[in-house]
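The block underneath contains the structure these notes are about, expressed in structure tokens.
The values are calculated or read from the model by the stated rules, or taken from the named source; none is laboratory data. Keep in mind that what you see is a predicted model, and the values were worked out from it rather than measured. Please note: Cβ atoms are built from the backbone with ideal geometry, for glycine as well, and neighbour counts cover all protein chains shown.
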Amino acid sequence: MKQKLLFCFSICFALWFQAFAQEAEVTGKVTDATTGESLPGVSVIVDGTSRGTVTDLDGNYSISVSQGATLVFQSIGMVTQKITVGSQTTVNVSLQASTEALNEVVVTAIGLETEKKALGYSIQSVKGEDLVQAQETNLVNALNSKVAGVNIVSSSGSPGASASIRIRGNTSINSNNSPLFVVDGVPISNNEVGEGVAGIDQSNRVIDLNPGDIASLTVLKGPAATALYGSRASSGAIIITTKRGQLGRATSSISFRTSFTADQVNKLPDMQTSFAQGRPSGGEFIWRGPETGEGFSWGPAVSSLEYDGDASHIYDVRGRLVPVGDGNGSPAQAVNNTENFFTTGTTWDNNLSFRGGTKDIGYYVSFGHLRQTGIVPKSKFERTSVRANVDAQINEKLKIGASVNYVNSGGTRAQRGSNLRGTMLGLLRTTPTFDNGLGLTGKDAANNPDSYVFPDGSQRSYRAGIYDNPYWVSNRNVDDDDVNRIIGNLSLNYKVAKWFDIVYKVGVDNFADIRRGGIDIVRSGSTIRNPGSAFTRSFTSTFINSDILGLFNYSFGEEVQLSATVGHNYFTTRTFDQLNTGDELGIPNLFDLGNVASEDAFSNRTQSALHGVFADIRIGWRNMVFLNVSGRNDFSSTLPTDDNSFFYPAASLAFTISELIPENNVVSYAKARASWGQVGNSPNQFGTTAVFIPFTGGGDGFTTEPSGAQQGITAFERGGTLPNSFIQPEITETFEVGLEARFLNNRIGIDFTYYNSTTEDAIINVAVSRATGFNSRLANVAEVSNEGIEIVLDANPLQIGDFRWDIIANFTHNRNVTESLAEGVEEIGLSGFTSTSSSLIAGQPYGAIFGSAFQRNDNGQIVVGADGWPLQDPVNRAVGDPNPQFLLGLRNTFAWKGISVSVLLDIRQGGDVWCGTCGIINYFGTSQVTADQRGITDFVFEGVLEDGSPNTTPVDFANPADGLGAIKWVRYGFGGLSEESIFDASWVRLRELTVKYSLPASLFQNNFVKGIDVAFTGRNLWLSTDYPGIDPETNLTGTTNGFGLDYFNNPNTKSYGFSILATF
Amino acid sequence: MKLKNKFSLVLLSLFFLMGTSSCDFGSLNIDPDNPSPEQVPSNLTLVSSQIQTGYNLGAMGGRMPGIILQHFEGFDAQQVAYTSYVIPDITFDNLWNGGLFAGAMKDNAIMIEQGVENGNPHFVGISQVLMAINLGLATSFFGDVPYSEAFQSIDNLTPAYDSQETIYVTIQSLLDQAIVNLSTSDDAQALPVGNSDVIYSGDTAEWIKLANALKARYLMHLSVKGVDANVVLSLLAEDFVEPNVPFGSAANNRNPWLAFSQDRTNTMIVAESFASTLESRTDPRASFLFGRDVDGVPLFDAAGTYWPQGNVPIPLMAGEEVSFLRAEAIIRAGGSDADAIAAMTDGITKNMTKLGVSDEAAITAYIASRATFDGLTTADEKIERILEEKYVALYGQGEAENWVDYRRTGFPVLTPDANGDNGLNPGGQIPQRFIYPAVERSTNVVNLDAAISRQGGELMNVTLWAFQ
């Protein structure tokens, strides 16, 4: 196989030597036909060759052509024009903008540029400028609400936090459903290392891309669109084209963009400040101070307490709390620790780029640096990116290109989630009568060690170090990462004949993610709460991708156009993960593996390879009917050795109806399209054979169980998954129909898509009865379906003089259902906890929230016990659906001369989120709900007794005489029942507000400065939702397939930013 | 070669690829880091099974019956609900999964099978003993559990549940077979056990004594059904050596009580009733089992307590248990009070020594007041006294056995939690069993439902067959 590849490669090199022809220089300017403004970045290609140039920032170009040649002027979002050059040396061209045009050019799979009208499937593009303007660190977030059919959920507002992206829902169970990201033809990793319910806010690796380098981004949604990428793009693909230089004539421009953004927390749970630390004892609520380790805020009313004035009380110089009358008369104080904790984060983003070229060379080099500090004190993220894209026209026939992007990223991560040493966990549980910041807030408190550490080195916290003071967390629980990444590619484009090109492309994505940190020793006096730990982790990942393509393009007369692509693809991945941990620190706050009493190590490698061969044929008839048929055969190393080949076809048809109707003022354009396609997806590696693994103890869940070598003896056990030597690829089949139409001289446009997809033989690790001796077995047993509607609507309701108002709306509706699981299997957890999880349940929506609930009778009435309290159902069930009913992104843009105002509203209807945080803060009595309702007595729950008669027994929500265990929010267990914490996460938010001003060109007569744009950007400035916790755009487990869980997730942010773009 | 020819060659090779049905990737899909089953001998898996079994007894399998039997009570988090018997089906997923069936029991099943194939009867015997202990724990919590159809891999993905009656027969049979296997000569072993056994270092005589003592324990479990106390007595060796599972203080091998103390600080304390009972008896062990904080809250992990320490092992069967089994069997067999009191005294003394009590006068005073049948006339009263003392002595090392004793005799007498009446424990009495783990409902529902209906339910008020 490798030899074959080498052979293919060498052929391309054999095609270097060709002669030059006689030419004349042609120059000109390309302008926008509507606005008259010059158009930069328009590609100008000599038809029938690969030779071309790109217009500079002023829209000027220059190219050498032979007489009689035809120039093709192409730009994404513009009508393509062809002009035959006669004897003239100046050719000025004006292009029609895409909203008024139908011959828009788009990038499709493997970088092919195609007229949009010829596509039989839905794709959608976003301009690089729109991504930059969002001022998001993470490219994935910058796409939010901008593309129909795409659902993006950021995991939190922490610096560098991941964001999950799904195109048309989840299709796979075992594989990640994140789409394939392709940069200049090279698939790159969007891995999120270390995601889980605890730990820190992790990054998804697409965060390494500098949005400033992106020229355009195209979203390929269904199998018909992605077929040529094969199984890797089974969840759709995001095709990113970076900026490139201009060939053809000597030109250069410099662009510098700087932005500053301030971030603040945008939503927090309501916390109470009226009841003190303590619990019921001896029939009354009593105060119990920090030294007792008391966790609850079920103490007396703050108003009933005063200080005793004992300055020797180390937790508070004002002394302990005693009933009014017993102390020094100074009334007890309470604080909202949660509001006090968060600080203002900042982001500085600077980008400098040089772009230009000579007759035969084009270049784009850029330097980007982003430095972000978070709303959680001490958290930060930094990204430095260097890119060089170079293209060279070697001769009339051969063009080569090379790209290198080096990125260094990383920072100090915010602790979060189900992490006893985490930020939000300790913060939201803190009782209001204890001030975490000792009178200070935010950064000031974090910078003042007195707030979190006593002179003897033991921790100052509301329960004596059982949960950490969040300021301690910021300073002493450290998790740093340092990622070095190189993404590069080399491409050769050889024009064999006017109708035939050969393209070869090889690309590499390699990164090393080095992490270090630890948890500091926690003491309360002489008691060690946590002996401390340190770790180092090194994760490296390598993707290598090679494509060879033959591109045919042929016209049979005027009527029939034929294009075809055949190709071969080789794709290989390797990862290496090495984790070293050490326990029991010798010296506090020194996270080095030399400073631990015992060490443990873990390492893991993965590897896979894929060969694919594919063919794609497109036939156009009378520029009206377009048929596209494609097929790909993959050979995957992760399938059984003797049966590792699978084939999948796709076909699509586009029909321009408007060609049949006479020109009129109502319908400007109409196209119907339909497509059908399959895409296969191979299993994860190493699933076909059994292994033994190092001993991994279990059995508790509350503690870290034993693992690894024991008593100096190497310890193994059999791996938990039953292998499958007959595993097959899972196949997703999608049927899609769509209609595109434009009305009233192109002022209104609609693009409607309906699709229906089914993944059969979905691969899962089916949980099996542990009595088999296994946890799960790998099998092709599930079926997952997606059905949805996408609508893109654009309109230009007003255009008066220089004033212009544009609307664009992206509507997404997707219904994602787990149709069936293996026989006898009722539920499979995707992520979360044993008590509440995002799960697969046959017949329920994908990712349904599974947990505990109240007992209900056949009529759906809640069953109440004889004591008046609703009974818990002994059996868990689906209690929530985290999938939204629809998403709507609505952008209004108002432009007048150099000023434009753009408002992006984001509406999400439906979709539940489990607010695990809410259940826990109710349990501990720190939430406002528990302050409002703890006084309720003689409450009669609606429901029926087991005999069917209505409940009439009154209960008290928190009667101290009945003890702690009888309190409404304590009696159903830690965090209550899952059902009680399910909330509708519908929202309306102002996702982006941009006010931009381009300084008039008349100011720049000196020719040095060519333009200056200034902009104000607001992000998430307004949010309306009934969700009681933090911003419900959150997910505990980052980009995993499970979603809709919030358990001490870090909050989201709202931002105010200012940017200047200067070009020289 | 002409260009066109070269191109044809490329195309040809592509179509050639399309035609093939597989592509050779060599060993790319073989995990390069983890060994295949053939590479792992039993002497590298025995330790996994032993440590896991010890952890089962000292973690969930210790704390949960300890809370039910009021050695402990919840002070925070999930443990508060457990104290009020709000113990939902998810509670035991971890113990059932990684602790028992897909944990230690899976290891034992593999070693039994491999040992028979490879001619390692000592490994087989030790594994049978460990299997019996885990199976005993499982049936004492849940009644009917899968066994005869279990551990068959792909051949049976939904094993049926054996009745508890069958399980007790199986346990005795496993122990009988173990004794046979452990009695084979050292020369008959393809692979010697040696130091891969972290409990007895391969000393088969000790394993045989343990197997016999366990036979006695599981016979006594069925005292409600009738037990031949003389048989029990015959199985209890005088020179029983504790099968200690070694633990330390490092996170990867922590004593389970220490782990809970560090990982879930202050969520569980010693039950006030237990603490005050010990104090009222001036039991010198009190300060080794708990310490009171400034508010008088009895902490199980206060400074000076014995169990939550690194380097304190968890016995598979405490020496104290053997003494108390003997004491009870003597009474049941109609033996002399003196012998029974001697056995009980032996149990108390062993426990005092283990915990580090050095005040001889206090020990003597305690034994004089408690290791006596003064004023007790019926066998029942004497058994009550023996089990009251056993209840104290097995604190931390035989919680599950205490709960079995309670359910078969009603001793020690306990008052149920005031808030203990809920949907999971109708009636609010001291629980009789645990609800089956949720994981079985999601993966083996037909057999689970059959087992539940056979037993008349699974809620915590349902009495297990053994105690009916």
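Tell me whether region A:827-836 contains one or more residues that are away from every other protein chain (no Cβ under 14 Å) and surrounded by fewer than 17 Cβ atoms within 10 Å (Cβ to Cβ). Within region A:827-836, not a single residue is away from every other protein chain (no Cβ under 14 Å) and surrounded by fewer than 17 Cβ atoms within 10 Å (Cβ to Cβ).
Of the candidates B:Ala178, B:Ala104, the single residue that is away from chain A (no Cβ under 14 Å), out of contact with any Asp or Glu (no Cβ under 6 Å at 6 or more places or on another chain), in a helix (DSSP H, G or I) and free of Cβ contacts under 8 Å to residues at least 60 places away in the same chain is B:Ala178. A:Asp642 satisfies every condition listed in (1) within 9 Å of chain B (Cβ to nearest Cβ); (2) within 27 Å of the chain's Cα centre (by Cα) except (2). When you look at B:Lys215, is it charged (D, E, K, R), touching a Phe, Trp or Tyr at 6+ places or on another chain (Cβ under 7 Å) and touching a residue at least 12 places away in the same chain (Cβ under 8 Å), yes or no? In short, no. Reported count of residues in region A:337-354, each being among the hydrophobic types (A, V, I, L, M, F, W, C) and surrounded by fewer than 19 Cβ atoms within 10 Å (Cβ to Cβ), is 3. Being within 18 Å of the chain's Cα centre (by Cα), within 24 Å of A:Val105 (Cα to Cα), not basic (Lys, Arg) and not in a loop (DSSP other than H, G, I, E, B) is a property that does not hold for A:Leu228.
Filtering region A:259-286 to residues that are in a loop (DSSP other than H, G, I, E, B) and in contact with a Gly (Cβ under 7 Å, 6 or more places away or on another chain) leaves A:Pro269, A:Ala276, A:Gln277. Each residue in region B:180-199 was checked for being surrounded by fewer than 20 Cβ atoms within 10 Å (Cβ to Cβ) and of a type outside the set (S, T, N, Q), and 8 of them qualify. Restricting B:Asp155, B:Asp187 to residues that are within 14 Å of another protein chain (Cβ to nearest Cβ) and without any contact (Cβ under 8 Å) to a residue 24 or more places away in the chain narrows the list to B:Asp155. Mind checking which residues of region A:361-397 are outside any strand (DSSP E or B) and closer than 30 Å to A:Asn475 by Cα? Listed by number, the residues that qualify are A:Gly374, A:Ile375, A:Val376, A:Pro377, A:Lys378, A:Ser379. Within region A:955-980, being farther than 28 Å from A:Trp287 by Cβ, small (Gly, Ala, Ser) and either part of a loop (DSSP other than H, G, I, E, B) or more than 14 Å from every other protein chain (Cβ to nearest Cβ) (or both) holds for no residue. Scanning region A:398-425 for residues that are outside any strand (DSSP E or B) and on the phi < 0 side of the Ramachandran plot gives A:Arg413, A:Ala414, A:Arg416, A:Ser418, A:Asn419, A:Leu420, A:Arg421, A:Gly422, A:Thr423, A:Met424, A:Leu425. Scanning region A:310-336 for residues that are surrounded by 12 or more Cβ atoms within 10 Å (Cβ to Cβ) and among the aliphatic types (A, V, I, L, M), we see that the one that is farthest from the chain's Cα centre (by Cα) is A:Val324.
If the condition is being hydrophobic (A, V, I, L, M, F, W, C), over 18 Å from B:Ser276 (Cα atoms) and more than 7 Å from chain A (Cβ to nearest Cβ), then region B:60-85 contributes only B:Met64. When region B:385-441 is filtered for residues that are aromatic (Phe, Trp, Tyr), away from chain A (no Cβ under 14 Å) and either under 19 Å from B:Val227 (Cβ atoms) or not in a helix (DSSP H, G or I) (or both), the ones remaining, listed by number, are B:Tyr395, B:Trp403, B:Tyr406, B:Phe411. Filter region A:589-630 down to the residues that are touching a His at 6+ places or on another chain (Cβ under 9 Å) and of a type in the set (A, V, I, L, M, F, W, C), then identify the one that is nearest to A:Thr536 (Cα to Cα). For region A:589-630, the residue satisfying everything is A:Val613. Only one entry in A:Leu653, A:Leu722 is in contact (Cβ under 8 Å) with a residue 40 or more places away in the chain, within 8 Å of chain B (Cβ to nearest Cβ) and hydrophobic (A, V, I, L, M, F, W, C), namely A:Leu722.
The lone criterion from (1) surrounded by fewer than 22 Cβ atoms within 10 Å (Cβ to Cβ); (2) modelled with pLDDT of 95 or more; (3) under 25 Å from the mean Cα position of the chain (by Cα) left unmet by A:Ser274 is number (3). Go through region A:1022-1054 and report how many residues are hydroxyl-bearing (Ser, Thr, Tyr), over 20 Å from A:Gly847 (Cβ atoms) and surrounded by fewer than 24 Cβ atoms within 10 Å (Cβ to Cβ). Count: 1. Pick from region A:476-527 the residues that are under 30 Å from A:Thr423 (Cβ atoms) and polar (S, T, N, Q): which of them is modelled with the highest pLDDT? Among them, the one singled out is A:Asn484.
Every residue, every condition in (1) crowded, with 22+ Cβ neighbours inside 10 Å; (2) touching a Leu at 6+ places or on another chain (Cβ under 6 Å); (3) among the aliphatic types (A, V, I, L, M), yes or no:
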| site | (1), (2), (3) |
| --- | --- |
| A:Ala512 | no, no, yes |
| A:Arg515 | no, no, no |
| A:Gly518 | yes, no, no |
| A:Val522 | yes, no, yes |
| A:Gly525 | no, no, no |
| A:Thr536 | no, no, no |
| A:Leu549 | yes, no, yes |
| A:Ser555 | no, no, no |
| A:Gln561 | no, no, no |
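So which of A:Glu740, A:Glu730 ends up being surrounded by 22 or more Cβ atoms within 10 Å (Cβ to Cβ), farther than 19 Å from B:Gly103 by Cα, among the charged types (D, E, K, R) and within 25 Å of the chain's Cα centre (by Cα)?
Of A:Glu740, A:Glu730, the one residue that is surrounded by 22 or more Cβ atoms within 10 Å (Cβ to Cβ), farther than 19 Å from B:Gly103 by Cα, among the charged types (D, E, K, R) and within 25 Å of the chain's Cα centre (by Cα) is A:Glu730.
Look at region A:761-777: where a residue is within 18 Å of A:Ser831 (Cα to Cα) and at the interface with another protein chain (Cβ under 7 Å from one of its Cβ atoms) and a partner is assigned to a loop (DSSP other than H, G, I, E, B) and aromatic (Phe, Trp, Tyr), sitting 6+ places away or on another chain with Cβ atoms under 6 Å, you get A:Val768/A:Phe774.
Filtering region B:213-269 to residues that are over 19 Å from the mean Cα position of the chain (by Cα) and part of a helix (DSSP H, G or I) leaves B:Ala229, B:Asn230, B:Val231, B:Val232, B:Leu233, B:Ser234, B:Leu235, B:Ala251, B:Asn252, B:Ser261, B:Gln262, B:Asp263.
Quick check on my filter: what residues within region B:242-254 are facing chain A (nearest Cβ under 10 Å) and in contact (Cβ under 8 Å) with a residue 60 or more places away in the chain? Residues satisfying the conditions are B:Val245, B:Pro246, B:Phe247, B:Gly248, B:Ser249, B:Ala250, B:Asn253.
Go through (1) within 7 Å of another protein chain (Cβ to nearest Cβ); (2) over 17 Å from B:Gly103 (Cβ atoms) and name the single condition B:Ile51 misses. B:Ile51 satisfies all of (1) within 7 Å of another protein chain (Cβ to nearest Cβ); (2) over 17 Å from B:Gly103 (Cβ atoms) except (2).
In this structure, A:Ser145 does not satisfy being within 22 Å of A:Val407 (Cα to Cα), modelled with pLDDT under 95 and among the polar types (S, T, N, Q).
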